[in-house]
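Engineer: One structure follows; several queries about it will come next.
Just so you know, all these numbers are worked out from the coordinates, no wet-lab data involved. Here the structure is a predicted model, which is why all the values come from computation and not from measurement. Cβ atoms come from the backbone with ideal geometry, glycine included; neighbour counts cover every protein chain shown.
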Amino acid sequence: MTANKPDDVINTSHGVSNFKRCAVDRGYYKDDFIKLFTSPYQSLQAIDMWAYLRITTLRKLVHEFMETFKGEKVQFVDLGSGLSTFSLYLLHTYENVVCFDMDFIHHMRHKAKLIHNSNQFSHLNYQLVDGLLVSDTYKMVHMDFENLEEVYKLEQHGISRDLPTFFLSEFCLTYVENDKSDKVIEFLGGFSNRPSAYAFLDYVGSWTKFGKWYSDLFDKFGAEFKSFRKYDTVEKHVQRHKELGWDYTMVNQMTFTYNEILTDEERRRVVNLDNFKDFYEAGVYCNHTVIGAAVKPKEELSRLVDLYDSAKMGQHRGKKYPDFIPYDHGFDPDEFDVDYFTKMLQIFVR
């Protein structure tokens, strides 16, 4: 196996940013900064739901972490941040957070240029250092996660071992060779002297018709899912992080957030936005996408664990659309609409 080319991985970030922009413009969630990095984009309902559940889940996980350490300085480290606005959102929302965005050097410089030219962030009192933004609360860091020597130098970039720390990988390590990503996950698990959490997005279901089609789509795009064939079930993701030193790991299909975490009121709001009808297609895509949360130590992060523990799964089973999206869509039956997903993911078709 050969490593993915940086430019191909970077292009996935541009595509996903467009999906997020579409969901924001249609009212699924608020993001005051996404327009800095994207142009208006139109897609299908399933990707709107996917983008909404992705961001909503991560924001809720980080919120429980931040609430656990009220009054303390907290670190947020976004691995492979690309054009993500997550750090900007946190800096706008919480006063006690310091954020680090990490990615390939030319991608970070591109992001820095867009932020700088917007003239909206003078309040950060940042400096441009080698084309990257650096301030007391926000810092861009060049990082190639295939290069472990760079990863092991986190402290040299100002990341402290003595602060509660939340790490995030929005598919970043999905594109890294498994032997390297295993070592990154293990290193992060032992990095902090204070409680830490690691949230990650990845995939399951490499054997389904959709899973095979989807992985082939990205293979042709040049961004191979390195983890997909080795860690292709919820159980394998949980076991992986256990073996790599994390105290407790929760991994759920993205539909878990829709079914078990959203309030009835919020679920109805989202469904009524665009007369949502593409429940099966949303289920196929969201059931093949997992969001995990690994914590250390478990007993000090009970708020986060209580929110996301999979023991909640099934409390609403038996309900139907729009109150529940079955967890087996795309698995049983093992079917999906190729034309729908080809149109939805046209930006990645080569």
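Engineer: Gln120 passes all but one of (1) within 23 Å of Thr12 (Cα to Cα); (2) part of a loop (DSSP other than H, G, I, E, B); (3) not small (Gly, Ala, Ser); which number fails?
Structural biologist: Unmet for Gln120, out of (1) within 23 Å of Thr12 (Cα to Cα); (2) part of a loop (DSSP other than H, G, I, E, B); (3) not small (Gly, Ala, Ser): (1).
Engineer: Residues in the stretch 314-322: is at least one polar (S, T, N, Q) and either assigned to a helix (DSSP H, G or I) or under 23 Å from the mean Cα position of the chain (by Cα) (or both)?
Structural biologist: No - not one qualifying residue is present in the stretch 314-322.
Engineer: Hey, another quick one. Which residue out of Lys5, Lys35 is more than 20 Å from Thr255 (Cβ to Cβ) and free of Cβ contacts under 8 Å to residues at least 24 places away in the same chain?
Structural biologist: Sole residue among the options that is more than 20 Å from Thr255 (Cβ to Cβ) and free of Cβ contacts under 8 Å to residues at least 24 places away in the same chain: Lys35.
Engineer: Now, a different point. Pick out the one residue from Gly330, Gly292, Gly245 that is in contact (Cβ under 8 Å) with a residue 24 or more places away in the chain, within 30 Å of Asp162 (Cα to Cα) and in a loop (DSSP other than H, G, I, E, B).
Structural biologist: Among Gly330, Gly292, Gly245, only Gly245 is in contact (Cβ under 8 Å) with a residue 24 or more places away in the chain, within 30 Å of Asp162 (Cα to Cα) and in a loop (DSSP other than H, G, I, E, B).
Engineer: Here's something else I'd like to know. Just checking: which of the strands (runs of 3 or more DSSP E) contained wholly in the stretch 126-204 hold 1 or more residues that are farther than 13 Å from Asp78 by Cβ? Even if it seems obvious, please write down each step before you answer.
Structural biologist: On the way: elements: 127-129, 132-134, 138-142, 165-170, 196-203.
Ranges flagged: 127-129, 132-134, 138-142, 196-203.
Engineer: Within the stretch 8-32, how many residues turn out to be of a type in the set (Gly, Ala, Ser), out of contact with any strand residue (DSSP E or B) (no Cβ under 9 Å at 6 or more places or on another chain) and touching a residue at least 40 places away in the same chain (Cβ under 8 Å)? Let's see the steps before the verdict.
Structural biologist: As a first pass, look at the stretch 8-32 and keep what is of a type in the set (Gly, Ala, Ser): 13, 15, 17, 23, 27.
Right, trim to out of contact with any strand residue (DSSP E or B) (no Cβ under 9 Å at 6 or more places or on another chain) and you get 15, 17, 23, 27.
Then keep just the ones that are touching a residue at least 40 places away in the same chain (Cβ under 8 Å); that gives 15, 17, 27.
So the answer is 3.
Engineer: Can you pull out every residue in the stretch 155-177 that is free of Cβ contacts under 8 Å to residues at least 40 places away in the same chain and either of a type in the set (A, V, I, L, M) or under 18 Å from Ser196 (Cα atoms) (or both)? Spell out the reasoning first.
Structural biologist: Quick first cut of the stretch 155-177, residues free of Cβ contacts under 8 Å to residues at least 40 places away in the same chain only: 155-156, 161-162.
Correct list: Glu155, Arg161, Asp162.
Engineer: Which one of these does Lys312 not meet: (1) over 28 Å from Asp334 (Cα atoms); (2) surrounded by fewer than 17 Cβ atoms within 10 Å (Cβ to Cβ); (3) touching an Asp or Glu at 6+ places or on another chain (Cβ under 8 Å)?
Structural biologist: Condition not satisfied by Lys312: (1).
Engineer: Under 8 Å by Cβ, and 6 or more places apart or on different chains, what pairs join a residue from the stretch 191-204 that is farther than 12 Å from Thr165 by Cβ with one that is small (Gly, Ala, Ser) and assigned to a loop (DSSP other than H, G, I, E, B)?
Structural biologist: Here the result reads Asp202/Ser227; Tyr203/Ser227, each pair linking the stretch 191-204 to a residue that is small (Gly, Ala, Ser) and assigned to a loop (DSSP other than H, G, I, E, B).
Engineer: Checking the condition more than 12 Å from the chain's Cα centre (by Cα), buried (at least 20 other Cβ atoms within 10 Å of the Cβ) and farther than 21 Å from Tyr340 by Cα, which residue from Val74, Val62 passes?
Structural biologist: Among Val74, Val62, only Val74 is more than 12 Å from the chain's Cα centre (by Cα), buried (at least 20 other Cβ atoms within 10 Å of the Cβ) and farther than 21 Å from Tyr340 by Cα.
Engineer: Additional query: Which one of these does Gly82 not meet: (1) assigned to a loop (DSSP other than H, G, I, E, B); (2) out of contact with any helix residue (DSSP H, G or I) (no Cβ under 6 Å at 6 or more places or on another chain); (3) over 30 Å from Glu299 (Cα atoms)?
Structural biologist: With respect to (1) assigned to a loop (DSSP other than H, G, I, E, B); (2) out of contact with any helix residue (DSSP H, G or I) (no Cβ under 6 Å at 6 or more places or on another chain); (3) over 30 Å from Glu299 (Cα atoms), Gly82 is out only on (2).
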